[in-house]
Amino acid sequence: MSPMPAIRLARKAPATSEIDGLPLTTEQVKNEDGSLPWSQIFAQGFKGALGESAMVTVDGSVRCLVGMGDGDDVDSAAWRRVGATFARAVSRVKAASMAVTAVTEIEALSEGIMLGAYCYNEFKSESPKATLKTVSLVGTTSKKAHASVDTGRAVAEAVNFARDLVNEPGGSLTPERFANEAKRIARQPGLSIKVLGMAEIKKAKLGGLLGVNRGSDLPPRLVELSYKSAKKGAPTIALVGKGITFDSGGLSIKSSAGMATMKCDMGGGGAVIAAMSALPSLKPGVNVKAWVPMTDNMLGGDATRMGDVLKMRNGKTVEILNTDAEGRLILADGLSLASEAKPDAIIDLATLTGAAMVSLGRDYSALMSNNDNFAAQVEAAAESADELTWRLPLPGRYRKLLDSPIADMKNIGGPYAGSITAALFLQEFVADGIAWAHLDIAGPAFADSVQETGPKGGTGYGVRTLLSLISNFTALE
Ligand code: BES
Ligand code: MN
Ligand code: ZN
């Protein structure tokens, strides 16, 4: 994991800080007071908008101005972005301080700082020299503020862990290594883990996972993680994540451009495992069980062929007509296992379809669900996490698009509504009566330009939504 800056709470600015941060609203910029060098500020075009920063010199010391946007609208999402913008702007110094006035948003602010300071240097032979080591938040040292910093750190650490997992290349983050990362975080109290290897996966009849793995030289894994809450009678939520460590498309091979970023295809599984890693710190009053099937999708000599029929964990059969529609095959077995545990609700996360990006662009995930109450909880969680999502319908009338002449269904649904037919496929593996939501994160899992709270590459999308969903989950009747 890339190092995160320490956040200190202080009454006065420390003498060691090299740069002071000053959050300013657009209103404050408009009504310039006498204490700042406004000509310098305006020369940089600084307007105080969210995500903006500018460096100015005041009495010989450097100040970093950070835009807060409209003063009436500074919520926790804005403070998270202020923190991230500040950390990015001062990333080359060792110590910085920032005056804090909005004491209630220390959690979002410190979370943002630790997200903004993230970079992925694992494969650089020379890592950048000076990096941000400490940020002092000046203004309060209360117990509550310390607790907020700790929560912010737990969340940011999980998001950055998910980013690391996505950023690691497919030839490096093999299913075996991915499972070992899950084992590493599962050493924390409150978490337990079971990892199935090839023999156990065969015994468990995970036909979807085995079918996708057939073209690979690397053995698959199935990770099962559990968090047991100390609370009596706590409800149980199940997480399932797509863990394709690299998606070449299989025999339905992708173009070079199409597979260039396909190391991101375990983004759903990465978000699930990373969210689990924060639960021992956050201690929610909810039991959580997670399943992440892991394999790459390759085209070795015995790869699944067009027209092959797979028999899945729940007994249903699937005719394979496009080996690039592999995510739904491994998720199907994950959803069957999750259903067998009879949780109060299931949510799965997957970089599942390019069609999700065609519908909603890079920034939104597509949400589909069989339960309005649970879908509303997911939407509320995404909103509070500042992660964009948009619900699409899940119409039973489209199920016929998956009909196969020789098996129970085929694995593709035709040219239209690709995200919906993929979700309808998944629904076949969710036991009747269980509330279920599916987040297609193909767009937001991987950023091809700098984000509001981090660099290009893995975003850790979904971790914060999951943590918020788990923390606020109420079982449905
Ligand atoms: N992993 C891809 C989806 C994807 C595309 C994620 C781009 C992130 C960015 C998935 O396995 C896939 O290939 N889906 C196919 C499905 C099709 C063959 C029905 C797609 O979207 O083209
Ligand atoms: Mn694919
Ligand atoms: Zn895929």
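The values are calculated or read from the model by the stated rules, or taken from the named source; none is laboratory data. Remember, it's a predicted structure, so these values are computed and weren't measured experimentally. Glycine gets a Cβ as well: all are built from the backbone with ideal geometry, and neighbour counts include every protein chain shown.
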The one condition in (1) in contact (Cβ under 8 Å) with a residue 24 or more places away in the chain; (2) among the small types (Gly, Ala, Ser); (3) part of a helix (DSSP H, G or I); (4) within 16 Å of ligand 1 (Cβ to nearest atom) that SER281 fails to fulfil: (4)
Residues located in the range 285-300, provided they are buried (at least 24 other Cβ atoms within 10 Å of the Cβ) and either within 16 Å of ligand 3 (Cβ to nearest atom) or basic (Lys, Arg) (or both): VAL292, PRO293, MET294, THR295, ASP296, ASN297
Total residues in the range 285-300, condition within 16 Å of ligand 1 (Cβ to nearest atom) and either assigned to a loop (DSSP other than H, G, I, E, B) or modelled with pLDDT under 95 (or both): 2
Hits in the range 426-456 - residues which are farther than 30 Å from LYS410 by Cα, touching a Cys at 6+ places or on another chain (Cβ under 9 Å) and surrounded by 21 or more Cβ atoms within 10 Å (Cβ to Cβ): GLY454
Residues (near ligand 1 (Cβ under 8 Å from one of its atoms) and in a strand (DSSP E or B)) located in the range 239-263: ILE244, ASP247
The range 433-453, residues that are touching a helix residue (DSSP H, G or I) at 6+ places or on another chain (Cβ under 9 Å) and of a type in the set (D, E, K, R): ASP440, GLU452
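Please find, within the range 189-211, the residue that is surrounded by the most Cβ atoms within 10 Å (Cβ to Cβ) out of those that are among the aliphatic types (A, V, I, L, M) and outside any helix (DSSP H, G or I). Break it down stepwise before answering.
Of all residues in the range 189-211, those among the aliphatic types (A, V, I, L, M) come to 191, 193, 195-196, 198-199, 201, 204, 206, 209-210.
Still in the list and also outside any helix (DSSP H, G or I): 191, 193, 195-196, 204, 206.
On the way: LEU191: 19, ILE193: 18, VAL195: 19, LEU196: 21, ALA204: 16, LEU206: 26.
Out of the qualifying residues, it is LEU206.
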Test for SER248: is it surrounded by 22 or more Cβ atoms within 10 Å (Cβ to Cβ), within 16 Å of ligand 2 (Cβ to nearest atom) and farther than 22 Å from GLY458 by Cα: no
Residue match in the range 115-132 (condition: more than 18 Å from the chain's Cα centre (by Cα), within 17 Å of ALA13 (Cα to Cα) and at pLDDT below 95): yes
Positions within the range 430-455 being in a strand (DSSP E or B) and either away from ligand 2 (no atom under 16 Å from the Cβ) or more than 28 Å from SER110 (Cβ to Cβ) (or both), in sequence order: ALA435, TRP436, ALA437, HIS438, LEU439, ASP440, ALA447
Answer residue from the range 289-345, given it is within 23 Å of ALA475 (Cα to Cα) and of a type in the set (Lys, Arg) and is nearest to ligand 2 (Cβ to nearest atom) among those: LYS289
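Residue by residue, here is whether (1) modelled with pLDDT under 95; (2) over 30 Å from ALA156 (Cα atoms); (3) surrounded by fewer than 24 Cβ atoms within 10 Å (Cβ to Cβ); (4) within 16 Å of ligand 3 (Cβ to nearest atom) holds:
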{"site": "LYS283", "(1), (2), (3), (4)": "no, no, yes, no"}
{"site": "ASP302", "(1), (2), (3), (4)": "no, yes, yes, no"}
{"site": "ARG305", "(1), (2), (3), (4)": "no, yes, yes, no"}
{"site": "ARG313", "(1), (2), (3), (4)": "no, yes, yes, no"}
{"site": "ARG328", "(1), (2), (3), (4)": "no, no, no, yes"}
{"site": "GLY354", "(1), (2), (3), (4)": "no, no, yes, yes"}
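Considering only residues that are assigned to a loop (DSSP other than H, G, I, E, B) and crowded, with 16+ Cβ neighbours inside 10 Å, look in the range 95-114 and name the one that is modelled with the lowest pLDDT. If you could, list the steps in order and put the result at the bottom.
Step one: list which residues in the range 95-114 are assigned to a loop (DSSP other than H, G, I, E, B), which gives 100-102.
From the residues that got through so far, the ones that are crowded, with 16+ Cβ neighbours inside 10 Å too are 100, 102.
Details: VAL100: 81, ALA102: 57.
Step by step, filter the range 95-114, then rank; the result is ALA102.
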Test set (1) touching a residue at least 40 places away in the same chain (Cβ under 8 Å); (2) away from ligand 2 (no atom under 16 Å from the Cβ) - LYS194 fails condition number: (1)
Residue within the range 212-229 that is within 16 Å of ligand 3 (Cβ to nearest atom) and assigned to a helix (DSSP H, G or I) present: yes
Looking only at the range 143-188, and only at residues there that are of a type in the set (Lys, Arg) and assigned to a helix (DSSP H, G or I), the one that is surrounded by the fewest Cβ atoms within 10 Å (Cβ to Cβ): LYS143
Helices (runs of 4 or more DSSP H) lying entirely in the range 326-416 (those with 2 or more residues that are acidic (Asp, Glu)): 327-340, 372-385
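A quick yes/no check of all residues on (1) touching a residue at least 24 places away in the same chain (Cβ under 8 Å); (2) among the polar types (S, T, N, Q); (3) within 16 Å of ligand 2 (Cβ to nearest atom):
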{"site": "GLY207", "(1), (2), (3)": "yes, no, no"}
{"site": "GLY211", "(1), (2), (3)": "yes, no, yes"}
{"site": "SER216", "(1), (2), (3)": "yes, yes, yes"}
{"site": "SER229", "(1), (2), (3)": "yes, yes, no"}
{"site": "GLY233", "(1), (2), (3)": "no, no, no"}
{"site": "ILE237", "(1), (2), (3)": "yes, no, no"}
{"site": "ILE253", "(1), (2), (3)": "yes, no, yes"}
{"site": "CYS264", "(1), (2), (3)": "yes, no, yes"}
Residue pairs meeting the criteria (Cβ under 8 Å; at least 6 apart or on separate chains; first within 17 Å of GLY414 (Cα to Cα), in the range 317-338; second within 11 Å of ligand 1 (Cβ to nearest atom) and among the acidic types (Asp, Glu)): ASP324/ASP247; GLU326/ASP247; GLY327/ASP247; GLY327/ASP265
